[in-house]
Amino acid sequence: MPIFPAAAFWTGLAIVTIGMGIAIWGRRTMRAAGTNINPSLPALAIVRSGPFRYCRNPLYLALTLLFVGLTLAFNTWWGIVILVPLVIVMHVGVVLREERYLEQKFGETYRQYRSRVRRYL
């Protein structure tokens, strides 16, 4: 039994497209800056261009958009149920930990960047 109106399919696909665009833009920007994309590898630079001018975590934002878009497009209830815990785990377990690492590694340079650019939106 569908939980969203039929129009949610097209809205979901639009959100997926936006998420994919942000992800591709962010990855290309990180690659051009010469830093690692894989979060388990060390950061080699603070990236301030591309989507990182507007958001400190565009790749995590893109993943969230992809998840929301697919949930709408596939018209599934479980995506809504696990969205909040998923975002909390990503924020606390990944983003906050990365921020501590970047501040420790890059010091004042990262603190200045953090003061100018929002975490997500």
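Summary table
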read-out: Any helices (runs of 4 or more DSSP H) falling wholly within region 62-121 and containing at least 1 residues that are among the charged types (D, E, K, R); value: 96-106, 108-116
read-out: Number of positions in region 43-54 that are free of Cβ contacts under 8 Å to residues at least 24 places away in the same chain, closer than 16 Å to Tyr101 by Cβ and open to solvent by less than 70 Å² (accessible area, probe 1.4 Å); value: 2
read-out: Residue, most open to solvent (accessible area, probe 1.4 Å), within region 95-117, restricted to residues that are within 17 Å of Ile37 (Cβ to Cβ) and touching a Phe, Trp or Tyr at 6+ places or on another chain (Cβ under 7 Å); value: Leu102
read-out: Conditions (1) of a type in the set (S, T, N, Q); (2) in contact with a Pro (Cβ under 7 Å, 6 or more places away or on another chain); (3) assigned to a helix (DSSP H, G or I); number of the one not met by Thr11; value: (2)
read-out: For Thr29: the one exception among (1) loosely packed, with under 15 Cβ neighbours inside 10 Å; (2) outside any loop (DSSP other than H, G, I, E, B); (3) without any contact (Cβ under 8 Å) to a residue 24 or more places away in the chain; value: (1)
read-out: Among the residues listed as Ile22, Ile3, Ile37, Ile15, the single one being of a type outside the set (Asp, Glu), within 20 Å of Leu65 (Cβ to Cβ) and open to solvent by 80 Å² or more (accessible area, probe 1.4 Å); value: Ile3
read-out: Residue ID - nearest to Gly107 (Cα to Cα), chosen from residues in region 32-61 that are small (Gly, Ala, Ser) and assigned to a helix (DSSP H, G or I); value: Ala33
read-out: Close pairs from region 95-111: first under 14 Å from Val47 (Cα atoms), partner among the aromatic types (Phe, Trp, Tyr) and surrounded by 14 or more Cβ atoms within 10 Å (Cβ to Cβ), Cβ under 8 Å, at least 6 apart; value: Leu102/Tyr110; Glu103/Tyr110
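The values are calculated or read from the model by the stated rules, or taken from the named source; none is laboratory data. Quantities reported herein were computed from a predicted structural model and do not represent experimental measurements. Cβ coordinates were reconstructed from backbone atoms using ideal geometry, including for glycine residues, and neighbour counts include every protein chain displayed. With ligands, DNA and RNA removed, areas are computed over all heavy atoms of the protein, side chains included. Shrake-Rupley method; radii C 1.70, N 1.55, O 1.52, S 1.80 Å.
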